[in-house]
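S.K.: One structure coming up, written as structure tokens, with questions to follow.
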Amino acid sequence: MNHDESRDLYDRALSVMPGGVNSSVRAIRPYPFFVQKGDGGHVIDADGNRYIDFVMGYGPLLLGHDLPETVRAAVQQRASEGPMYGAPTEVEVELAEFVTRHVPGVEMVRFVNSGTEATVSAVRLARGYTGRDKIVIMEGSYHGAQESTLVEGEREHTAPSSPGIPESFAEHTLTVPFNDKTAVHEVFEEHGDDIAAVLTEPILGNHGIVHPIEGYHETLRDLTDQYGALLIFDEVITGFRVGGLQCAQGKFGVDPDLTTFGKIVGGGFPVGAIGGKSEIVEHFTPAGDVFQSGTFSGHPVTMAAGLETLRYVAENDVYDHVNALGERLRSGIADILEDQAPAYTVVGTDSMFKVIFTRDGEFGKGHCEGGCTQDPTCPRYEFCPKNGADVDRAETERWERLFWPAMKEEGVFLTPNQFESQFVSAAHTDEDVEQALEAYKRVL
Ligand code: PMP
């Protein structure tokens, strides 16, 4: 493959943008390919090379790159009527109605412009509502580029994970390993009266894909109830992907107080949202006194794209299609790896998938299909990583060596590091999946 054009663009980008990109994860070594356009389940780069795309914008593009006619028409119409107004529009109400109708834990919703803004606002709301400062998050979790969650360390011994964040932010953030019921019990026993909220993804999607063990979310629900704290599900990735229109909370039957959304709910345009019980969400200004505001919030083009995307999903068998392809990929990759890799695990559920190269066969070789973690008697249970630290011990160099350069040269676009999930879209075909599996076979 020729990448001259991408390399030249990257040289230009490096002199005008820090690291040559606008989001760190895009800065792939030695240089990323620059995208010219998307086409169904594929992207075409600046040099005209075509890739099967399993990055899908890091999750928003459930329908792939070709928007259905209804989505495209709605977006074009909104854009042609003046992109935004600083006054409310009907389409915001319609999207809010759609979300509250389908997502069990959501009675009201406030739209914002990114997943980060959603989690920042949710944490502020939880603090304002409870009058407490501390939040509990999972080790290795990611909730966007926000001060309160960019921390490292264990329990109360946390420190900012980036320069530029005052220590005082980390002082209010406690961390526990995902799936460790004892740890979260202990943290509540010690700090329960100061904890505003537990913030977690229902499935860790930025850390290799880690599924909850049986009863974990119920433990979080019970403890937060018992101590008067809120349970916040960050469904920025899982929202409208895992568990269909009911999202992961519907799949797991857990009822969070607040839910954060991003990605799919904006149909490919910048979006975030905070949903939850009316009694809590109404504490946002102007109904309540927890300040929340934004020039672009509820942007009509985004709202139209999100609404028509979700309507399309509701009326077509999108989830059956993407979940079946996801399952085919996960089991196909596991079969290939069984012969070729010393130690690995294949993780994912619904339309999410990832390979983790484990050290010394830590989990044995195997395929951890999502539901396995819910059932300790499942023969695959041992193959599933249970927390962020399990994934941290993976052979990340192996991922970087094989999957980025080699799979890219095979025409398959995967997330460039060991940790981030990959996604199947409605635009992917059986043929794309078979081609991708052939590529995995050659590369491995
Ligand atoms: N929460 C989760 C779970 C995410 O995966 C992400 C981004 N991948 C965010 C929050 C932040 O979203 P955004 O990048 O839109 O700010």
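Rule-based calculations on the coordinates, nothing more; no lab input. Remember, it's a predicted structure, so these values are computed and weren't measured experimentally. As a convention, Cβ positions derive from the backbone with ideal geometry for all residues, glycine included, and neighbour counts pool all protein chains shown.
S.K.: Might you list the cysteines of the chain that have no disulfide-compatible partner by the rule of another cysteine's Cβ under 4.7 Å?
M.R.: Within the chain, the cysteines lacking a partner Cβ under 4.7 Å are Cys247.
S.K.: Something else: Enumerate the calculated ³J(HN,Hα) couplings along the stretch 58-69 in order (Karplus 6.51 cos²θ - 1.76 cosθ + 1.60, θ = phi - 60°), each rounded to whole Hz, writing x wherever the residue is Gly or Pro.
M.R.: Calculated HN-Hα couplings, in order: 6, x, x, 8, 4, 9, x, 8, 9, 5, x, 3 Hz.
S.K.: To continue, here is another question. May I have the pair-distance distribution P(r) for the stretch 316-444, computed from all Cα-Cα distances with 10 Å bins from 0 and rounded to whole percent?
M.R.: For the stretch 316-444, the binned pair fractions read 13, 46, 34, 7, 0 percent.
S.K.: Another question, if that's okay. Distance cut-off 29 Å, Cα to Cα: go down the list Lys181/Lys277; Lys134/Lys181; Lys181/Lys408 and report the pairs above it.
M.R.: Listed pairs above 29 Å: Lys181/Lys408.
S.K.: Over the chain, what is the relative contact order in whole percent, taking alpha-carbon pairs under 8 Å and six or more residues apart?
M.R.: 20 percent
S.K.: Here is a further query. Given labels modelled 7 Å from the Cα in the Cβ direction, how far is it in nm from Thr377 to Asp4?
M.R.: In this crude spin-label approximation the distance works out to 6.4 nm.
S.K.: Name the most mobile residue of Ser121, Ser278, Ser351, meaning the one with the largest mean-square fluctuation, in a Gaussian network model of the chain with Cα contacts below 10 Å.
M.R.: Judging by the Gaussian network model, the answer is Ser278.
S.K.: Say we join alpha carbon atoms closer than 10 Å with springs in a Gaussian network model of the chain; which of Glu107, Glu154, Glu369 then has the biggest fluctuation?
M.R.: Glu154
S.K.: Contour minus end-to-end for Ala406 and Asp39, with contour as 0.36 nm per residue of separation and end-to-end as the Cα-Cα distance?
M.R.: Taking Ala406 through Asp39 to full extension adds about 129.9 nm, to one decimal.
S.K.: Taking the Cα centre as origin and putting +1 on Lys and Arg beta-carbons and -1 on Asp and Glu beta-carbons, what dipole magnitude results for the stretch 69-315, to the nearest 20 debye?
M.R.: Magnitude of the dipole: close to 800 debye.
S.K.: In addition: Quote the relative contact order of the stretch 69-315 in percent (integer), defining contacts as alpha-carbon pairs under 8 Å separated by 6+ residues.
M.R.: It rounds to 29 percent for the stretch 69-315.
S.K.: What 222 nm value per residue comes from the helices of the chain, counting each DSSP H run with n ≥ 4 as -39,500 (n - 2.57) and dividing by all residues, nearest 500 deg cm²/dmol?
M.R.: Mean residue ellipticity at 222 nm (helix-derived): -10500 deg cm²/dmol.
S.K.: Determine the shape class of the stretch 229-290: with a ≥ b ≥ c the square roots of the Cα gyration tensor eigenvalues, call it rounded for a/c under 1.5, and otherwise prolate if a/b is greater than b/c, oblate otherwise.
M.R.: oblate
S.K.: Only Lys, Arg, Asp and Glu count, each charged at its Cβ (+1, +1, -1, -1), so figure out the dipole size of the chain about its Cα centre, rounded to 20 debye.
M.R.: Once rounded to the nearest 20, the dipole reads 640 debye.
S.K.: GNM, the chain, Cα, under 10 Å: largest mean-square fluctuation among Ser293, Ser421, Ser80?
M.R.: Judging by the Gaussian network model, the answer is Ser80.
S.K.: At R0 = 51 Å, how high is the FRET efficiency between Phe291 and Arg12 if r is their beta carbon distance? Nearest 0.05 is fine.
M.R.: After rounding, the FRET efficiency stands at 0.80.
S.K.: Given Gly20, Tyr85, Asn179, which one lies farthest toward the positive end of the charge dipole of the chain, if we put +1 on the Cβ of every Lys and Arg and -1 on the Cβ of every Asp and Glu?
M.R.: Of the listed residues, the answer is Gly20.
S.K.: Let me ask something additional. Rank the residues Asp392, Asp317 as a footprinting-exposure proxy: fewest other Cβ atoms within 10 Å of their Cβ go first.
M.R.: Asp317, Asp392
S.K.: Under a 5 Å amide H to amide H cut-off, with H placed in plane at 1.01 Å, what residues pair with Val112 once short-range neighbours are removed?
M.R.: Gly272, Ala273, Ile274, Gly298
S.K.: So between Arg393 and Ala79, what do we pick up on full extension, going 0.36 nm a residue minus the alpha carbon distance?
M.R.: That works out to 108.3 nm of additional length.
S.K.: Using just the C-alpha positions of the stretch 159-302 as equal point scatterers, what log10 of I(q)/I(0) does the Debye formula give at each q in 0.20, 0.22 1/Å?
M.R.: Relative scattering, expressed as log10 I(q)/I(0), comes to -1.43, -1.49.
S.K.: Would you be so kind as to identify which of Thr259, Cys384, Asn417 lies farthest towards the positive end of the dipole of the chain, taking Lys and Arg as +1 and Asp and Glu as -1 on Cβ and the Cα centre as origin?
M.R.: Projecting each Cα onto the dipole axis, the largest value belongs to Asn417.
S.K.: Once you compute Rg and the Kirkwood Rh from C-alpha atoms, what is the Rg to Rh ratio for the stretch 69-315?
M.R.: 0.97
S.K.: Return the tail of the calculated pair distribution for the stretch 1-144, meaning the percent of Cα-Cα pairs more than 21 Å apart.
M.R.: 66 percent
S.K.: Right, here's the next one. Among Tyr344, Tyr58, which comes first, second and so on when ranked by fewest other beta-carbon atoms within 10 Å?
M.R.: Fewest-to-most Cβ neighbours within 10 Å comes out as Tyr58, Tyr344.
S.K.: Which residue, His65, Leu310, Leu199, has the largest displacement toward the positive end of the dipole of the chain when charges sit on each Cβ (Lys, Arg +1; Asp, Glu -1)?
M.R.: Checking the options against the dipole of the chain, the answer is His65.
S.K.: So, one more: Calculate the translational D of the chain in whole µm² s⁻¹ from Stokes-Einstein, where the hydrodynamic radius comes from the Kirkwood formula applied to all Cα pairs, the temperature is 4 °C and the viscosity 1.567 mPa s.
M.R.: Answer, rounded: 58 µm²/s.
S.K.: Please arrange Met407, Met84 by how many other C-beta atoms lie within 10 Å of their C-beta, fewest to most.
M.R.: Fewest-to-most Cβ neighbours within 10 Å comes out as Met84, Met407.
S.K.: Identify the GluC sites (Glu not before Pro) of the stretch 199-301 meeting these criteria: DSSP loop state and at most 10 other C-beta atoms within 10 Å of the C-beta.
M.R.: The qualifying sites: there are none.
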